[in-house]
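Okay, so here's the structure we're looking at.
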């Protein structure tokens, strides 16, 4: 077990201009922590992980594992284990051979390897499949073998590169919980890459959001949700995503359609005539005619059972699209015009319209 | 994509476009089957004819070429084996082809693997030099090759083992002759192997050598078997190179093809056609057996289960 640190680490691909896939990443991962790297495709999250694994060169800065600088160390000497998106099992070896391969390479005695493989197999419910080849396994079983191969090595850090994206939705949710529980039990520092913000929020102790190779924010899931540092994080975290609309600012607050949204205490809007306003779908609600609100024409209703999400445009401004969470039992119908208002004033996020940085506190 | 099951629209109607592709592929399929059948006949009939004729007597052969032999004259085979020296040539061929193919596969697979998976300066140049060897007509090389091998034979000590009239000389030339296609084919094959598996092996602690022998080579098994068959058959049937490299003075080192040619040439006086056909059958049979045995081991999709 060990802590991991990226110190201004960059991966630059030569070209004209050079592509900075990961740009001066500084990140501290504590011992035993489950850190999730999340971001859209091309955000550099996988590259960051591969730099830690030693599969990508570190062009600038350094990376340490357990206080040891591993920037120039061979992958096999970094004491890490990696789970690949494609699982990358050895097709010509049985499950047991796959899991014990690393130990056999280290010339660990056969009996010891067999014992450790058996332990890991029990943990992962693979005991019955130890003599099978990967091609005779289902997707979920292959995924578990890939996990087992990592566990058997007892590394100081687990690296996981989208290990669930080849599973079907139901199995993914199940395996998600299993991996989180397993990590809790083993207490091994884990760095987990995903593009799925739900996975990130449910599994990570902390979540690091990346975009275009730049770290946007690294915080606990709750903090990311409640206090996103910029408009990108605000829009990326949460499902459905936060409504981000441009609103003009007056003395009463921000105007959205006919609706006045009193701005937060401490929000420095003085320099701006306009701000980017962030409203979570659950911060909006249906209101009666006597309450302050604005009209929304419903263009799409997504019914999820307990809740329903209304997609629509604000009356008088068809560019301002909003998503509103309503009670799932009696949702308005398509094409209907409804009146919506804000739940509580302190649930609006305010961002600078140009830089996207958070203004409200 | 399956052409057997026509795609259906939501209402269960068959889309017209798919009917068209299906019809034309059915027509093409029919044509290709006819072509394949004709081709198979062209190849199989002469082989069977040679095999049948090897049991006939000279008289039977010239009376009716298509007749069935009156009795199984195995004497043709034993005559070819003993008087034609085919037994000796057979062993020589096995030795030369085994060593030649083994050397080709070891060197070729290693070269192809490095060219396919390790980017370095000049990799493409080396690859193209190999590929250029494919376009080089062997007749053009014969004379220089003869002198090169003769000169190598002058090297004190080892020269006698790798020069003219030696097994070593033939084996080395076979390897050189087979490498271009082997490297060309295997480079393409190694490129298709999944990179994450190699990366997983590196993280698991494989050195480059171990990665090759314990992970990549087993994964490349279908490709290696195919090209091995190709090389065995190619080197087994090689005539021109041994003709140049193994002279009449080294008749004890001759390969099968030379032996058969010898029977054919001398038979123009003694006219022992059945013995010639017996010798030919002896040369062909092992190749058919090798092919059938190896073919069983080519499993399509050996890498299935590695990824996804």
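The values are calculated or read from the model by the stated rules, or taken from the named source; none is laboratory data. Values in this document were obtained by computation on a predicted structure and should not be read as measured data. Don't worry about glycine lacking a Cβ; one is built from the backbone with ideal geometry, like all the others, and counts go over all protein chains shown.
With farther than 14 Å from residue B:134 by Cα and in contact with a helix residue (DSSP H, G or I) (Cβ under 7 Å, 6 or more places away or on another chain) as the only criterion, which of B:170, B:183 stands out?
B:170
Determine, yes or no, whether residue B:235 is in contact with a helix residue (DSSP H, G or I) (Cβ under 7 Å, 6 or more places away or on another chain) and at pLDDT 90 or above.
Yes.
I'd like to verify a number: residues in the stretch A:197-214 that are in contact with a helix residue (DSSP H, G or I) (Cβ under 9 Å, 6 or more places away or on another chain) and assigned to a strand (DSSP E or B), how many?
So the answer is 6.
Give the residues of the stretch A:345-361 that are over 17 Å from residue A:216 (Cβ atoms) and modelled with pLDDT of 85 or more, sorted by residue number.
Answer for the stretch A:345-361, where residues must be over 17 Å from residue A:216 (Cβ atoms) and modelled with pLDDT of 85 or more: A:350, A:353.
Is there any pair linking a residue in the stretch A:167-190 that is not assigned by TED's automatic domain parsing to the domain that holds residue A:137 to one that is modelled with pLDDT under 95 and crowded, with 18+ Cβ neighbours inside 10 Å, with Cβ under 6 Å and at least six apart or on different chains, and which?
Pairs that qualify, where the first residue is not assigned by TED's automatic domain parsing to the domain that holds residue A:137 and the partner is modelled with pLDDT under 95 and crowded, with 18+ Cβ neighbours inside 10 Å: there are none.
Exactly one condition in (1) under 13 Å from the mean Cα position of the chain (by Cα); (2) farther than 30 Å from residue A:148 by Cα is false for residue A:220; which is it?
Residue A:220 satisfies every listed condition except (2).
If you scan the stretch B:160-177, which residues turn out to be more than 24 Å from the chain's Cα centre (by Cα) and part of a helix (DSSP H, G or I)?
B:160, B:161, listed by residue number.
I need a count of the residues in the stretch B:195-209 that are more than 28 Å from the chain's Cα centre (by Cα) and either more than 7 Å from chain A (Cβ to nearest Cβ) or at positive phi (or both).
Counting residues in the stretch B:195-209 that are more than 28 Å from the chain's Cα centre (by Cα) and either more than 7 Å from chain A (Cβ to nearest Cβ) or at positive phi (or both) gives 6.
For the stretch A:30-78, enumerate the residues that are outside any helix (DSSP H, G or I), touching a helix residue (DSSP H, G or I) at 6+ places or on another chain (Cβ under 6 Å) and within 13 Å of chain B (Cβ to nearest Cβ).
Answer for the stretch A:30-78, where residues must be outside any helix (DSSP H, G or I), touching a helix residue (DSSP H, G or I) at 6+ places or on another chain (Cβ under 6 Å) and within 13 Å of chain B (Cβ to nearest Cβ): A:54, A:55, A:56.
Look at residue B:180 and say whether it is more than 9 Å from every other protein chain (Cβ to nearest Cβ) and under 16 Å from the mean Cα position of the chain (by Cα).
Here the answer is yes, as residue B:180 does meet what is asked.
Looking at residue B:175 and the list (1) at pLDDT below 95; (2) touching a helix residue (DSSP H, G or I) at 6+ places or on another chain (Cβ under 7 Å), which single condition is not satisfied?
Failed condition: (1).
Select from the stretch B:62-90 the residues that are assigned to a helix (DSSP H, G or I) and surrounded by fewer than 17 Cβ atoms within 10 Å (Cβ to Cβ) and list them in ascending order.
If the condition is that a residue be assigned to a helix (DSSP H, G or I) and surrounded by fewer than 17 Cβ atoms within 10 Å (Cβ to Cβ), then B:62, B:63, B:75, B:78, B:82, B:87 are the ones that fit.
Looking for something more than 28 Å from residue B:247 (Cβ to Cβ) and not in a helix (DSSP H, G or I) - is there at least one such residue anywhere in the stretch B:124-137?
Taking every residue of the stretch B:124-137 in turn, at least one turns out to be more than 28 Å from residue B:247 (Cβ to Cβ) and not in a helix (DSSP H, G or I).
Quick test of your reading of the structure: residue B:243 fulfils all but one of (1) closer than 17 Å to residue A:91 by Cα; (2) surrounded by fewer than 19 Cβ atoms within 10 Å (Cβ to Cβ); (3) touching a helix residue (DSSP H, G or I) at 6+ places or on another chain (Cβ under 9 Å). Name the failing condition by number.
(1)
Does residue B:290 qualify as being within 14 Å of chain A (Cβ to nearest Cβ), touching a helix residue (DSSP H, G or I) at 6+ places or on another chain (Cβ under 8 Å), at pLDDT below 85 and surrounded by 13 or more Cβ atoms within 10 Å (Cβ to Cβ)? Before you say what the answer is, go through the steps one by one.
Numbers: within 14 Å of chain A (Cβ to nearest Cβ): no; touching a helix residue (DSSP H, G or I) at 6+ places or on another chain (Cβ under 8 Å): yes; at pLDDT below 85: yes; surrounded by 13 or more Cβ atoms within 10 Å (Cβ to Cβ): yes.
Criteria not met by residue B:290.
Given the condition within 20 Å of the chain's Cα centre (by Cα) and either within 25 Å of residue A:325 (Cα to Cα) or at pLDDT 90 or above (or both), answer yes or no: does some residue in the stretch A:246-266 qualify?
Looking through the stretch A:246-266, none of the residues is within 20 Å of the chain's Cα centre (by Cα) and either within 25 Å of residue A:325 (Cα to Cα) or at pLDDT 90 or above (or both).
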